[in-house]
1. Would you mind finding the one in A:Leu166, A:Leu129, A:Leu177 that is in contact (Cβ under 8 Å) with a residue 24 or more places away in the chain and touching a Lys or Arg at 6+ places or on another chain (Cβ under 9 Å)?
2. Being of a type in the set (Val, Ile, Thr) and either free of Cβ contacts under 8 Å to residues at least 12 places away in the same chain or surrounded by fewer than 17 Cβ atoms within 10 Å (Cβ to Cβ) (or both) is the filter here, so list the residues in segment B:94-112 that pass it.
3. Any residue at all in segment A:244-258 that's within 27 Å of B:Leu177 (Cβ to Cβ) and within 20 Å of the chain's Cα centre (by Cα)?
4. If you take the residues in segment A:254-269 that are at pLDDT below 95, within 13 Å of chain B (Cβ to nearest Cβ) and closer than 16 Å to A:Asp243 by Cβ, which one is least open to solvent (accessible area, probe 1.4 Å)?
5. Of all residues being in contact (Cβ under 8 Å) with a residue 40 or more places away in the chain and in contact with a Phe, Trp or Tyr (Cβ under 7 Å, 6 or more places away or on another chain) in segment B:1-35, which is most open to solvent (accessible area, probe 1.4 Å)? Just the residue, please.
6. Taking A:Val124 as meeting all but one of (1) open to solvent by less than 40 Å² (accessible area, probe 1.4 Å); (2) farther than 23 Å from B:Ala295 by Cβ; (3) of a type in the set (A, V, I, L, M, F, W, C), write down the number of the exception.
7. Pairs please, first residue from segment A:113-125 and more than 11 Å from every other protein chain (Cβ to nearest Cβ), second anywhere and in a helix (DSSP H, G or I) and open to solvent by 20 Å² or more (accessible area, probe 1.4 Å), Cβ atoms under 8 Å, 6+ apart in sequence or on different chains.
8. Applying the selection to segment B:268-278, what residues are aliphatic (A, V, I, L, M) and touching a residue at least 40 places away in the same chain (Cβ under 8 Å)?
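The values are calculated or read from the model by the stated rules, or taken from the named source; none is laboratory data. As the structure is a prediction and not an experimental result, all values here were calculated from the model. Cβ coordinates were reconstructed from backbone atoms using ideal geometry, including for glycine residues, and neighbour counts include every protein chain displayed. The protein model used for the area step is the full one, side chains on, heavy atoms only, and it has no ligands, DNA or RNA in it. Shrake-Rupley method; radii C 1.70, N 1.55, O 1.52, S 1.80 Å.
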2 protein chains.
Amino acid sequence: MTTTLSPLGLHRVLDPPGVLPQAAWRLDASAAIAADEVRIRVDRLNLDAASYRQLREAYAGDPDKIRAAVGEIIATRGKMQNPVTGSGGMLTGTVEEVGPDSPLGLKPGQRIATLVSLTLTPLVITDSLSRWDGQSEQVPCEGHAILFARSIAAVLPADLPVPLSLAVMDVCGAPALTQRVVQPGSVALVIGAAGKSGSLSAAASRRAGAATVIGVVPTETEADLLRENAGLVDQIVIADARDPVGLAARVQAAGGPADVTVVCVDAAGCEGGAILSTAQGGTVIFFSMATSFSAAALGAEGLAADVTMLVGNGYVPGHAEFALDLLRTTPPVRSLFERRLAAEGGLR
Amino acid sequence: MTTTLSPLGLHRVLDPPGVLPQAAWRLDASAAIAADEVRIRVDRLNLDAASYRQLREAYAGDPDKIRAAVGEIIATRGKMQNPVTGSGGMLTGTVEEVGPDSPLGLKPGQRIATLVSLTLTPLVITDSLSRWDGQSEQVPCEGHAILFARSIAAVLPADLPVPLSLAVMDVCGAPALTQRVVQPGSVALVIGAAGKSGSLSAAASRRAGAATVIGVVPTETEADLLRENAGLVDQIVIADARDPVGLAARVQAAGGPADVTVVCVDAAGCEGGAILSTAQGGTVIFFSMATSFSAAALGAEGLAADVTMLVGNGYVPGHAEFALDLLRTTPPVRSLFERRLAAEGGLR
């Protein structure tokens, strides 16, 4: 399609020509940067969980074979995109060179994380992944990566542990969009309020001026988490979000229906409950990747529900900074994140 | 959950108790209405295409067996919901009795079409479907159906042929939501502009004051349809909506990117093209049931696209009247609808 400079990196697409970098089989990952690009000195890849699982199973857990396979993918494709799963991951590194026309606002020496997928990021590995034990999706390495004008990268803050910052950045689209939508004095409902994106969305609702924040959790254990981290929500509702009638009745009793409902649980079948718990004229934001487009569209129609339904876009300008600020200034959010990270194995 | 009167019809759910009527196995379809209900004298069912296809294949096209199967479903379940496909359809009929507290604004004697699915509408058939030949999804019949307070029904206008009104009502959510979102002076892009929901959405964009309406069609034949019906769009773009880079380049050349993009084609894989053809800060409305939630969410993130993405809700108050008015006052829309209906076999 084009070999002229493109903010989306079309000029780096080698094969097939004319597609977006994510759809390409092979990218040009050469180190020389265009005027609007940035080169990163990579220190770690964080492979997508599905991708790592596929590799581990395909090679029966043999570290040498897994390492060789990942090295081969990157060398062949100019990016880390697992050809079986189609997924990538993200990376951390240090800004090495910034083109004069880059709009990303980065400076050499800054430690950053990429918030766009490895599936569209030109990448070269120079140490044969020799420091990686092949035992986890965390891949220490040396090499370089290229950011385009429309890439997204966030500076890793000096005051927070890297795993904590990465966990926040992973879900930072949710609180940013929530804060845009919630109006002062309104009722906000967060389904999955004790989770990562949920707790940040609850804090964002509060920041936006919600009069009441209702948090839905599936179990007493999760409710205890919210009780121990008092102040994050005003009302705790224990309900199965897949039961529309039961959920809506409990939300009603807790001060609903909601003006804005934020769906942050990765269970399938929560569309009807979210719609039914939302007031006519209200808004539902779906952040769960388990959301069914047709279930949402047909569900609202079947309930004669005049609700605005938003696809949770993971990108809102300034989202990482906003989410990190929420974490810093909302002790219950930080506490919930630290507990979840510890439960997941901490630094891994 | 409840046996008290419910605007959603929960009081008509027999089995299992506590679920929404759509999720129920069996509804109470008795003729006596509650204070907020309406009873319809049914004259025709319009079975969902997927449901009719399944029945025809299951019974090898035998009309007697198909008729018996549909009669048995309705008698057993108290509604016409194909247990295999889960789908229903809609009906036409005449308002017979209106409860004193019904908010639907209907009057006895009015000819109406239901705009909520048969999957949640209590239904009794009294003529054994004897007038149905079993050869199409159009089922002439006698019986009654019940509308709840939050059902949706539209009066069939006297000045338009019934098949034309039904075709408009089938897609009336799209123009209503489009008109809400498009701002005066903006650029509107309709992908699939020569189709039913597309032509109405183009007319709605114009009505909302769009400065430029760009229509995307896949072929020269479809482009000719738009040219013959001049005035519906300002710019015609022939492009494959599944090719993000190609589509965005052609839309750009035609006056884009768009402030509002409306996706009205039922092809899979149009999410990236719609997002890339939309300006930063703009809005994409997905009306296609082929939309993938995750492709939209991850696509926008991968493109660092700050776009608002709406799930096309089929219900907006007043949608049927608005769409019928657009058809009456926009000759190219009426002409396109009449050509499409003729191509589909007209009255069938």
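1. A:Leu129
2. B:Thr94
3. Checked against the condition, which is being within 27 Å of B:Leu177 (Cβ to Cβ) and within 20 Å of the chain's Cα centre (by Cα), segment A:244-258 yields no hits at all.
4. A:Gly269
5. Top of the filtered list is B:Pro7.
6. Only one criterion is unmet by A:Val124, namely (1).
7. If the second residue must be in a helix (DSSP H, G or I) and open to solvent by 20 Å² or more (accessible area, probe 1.4 Å), the pairs left are A:Ala113/A:Leu166; A:Ile125/A:Gly71; A:Ile125/A:Ala75.
8. The answer is B:Ala274, and nothing else.
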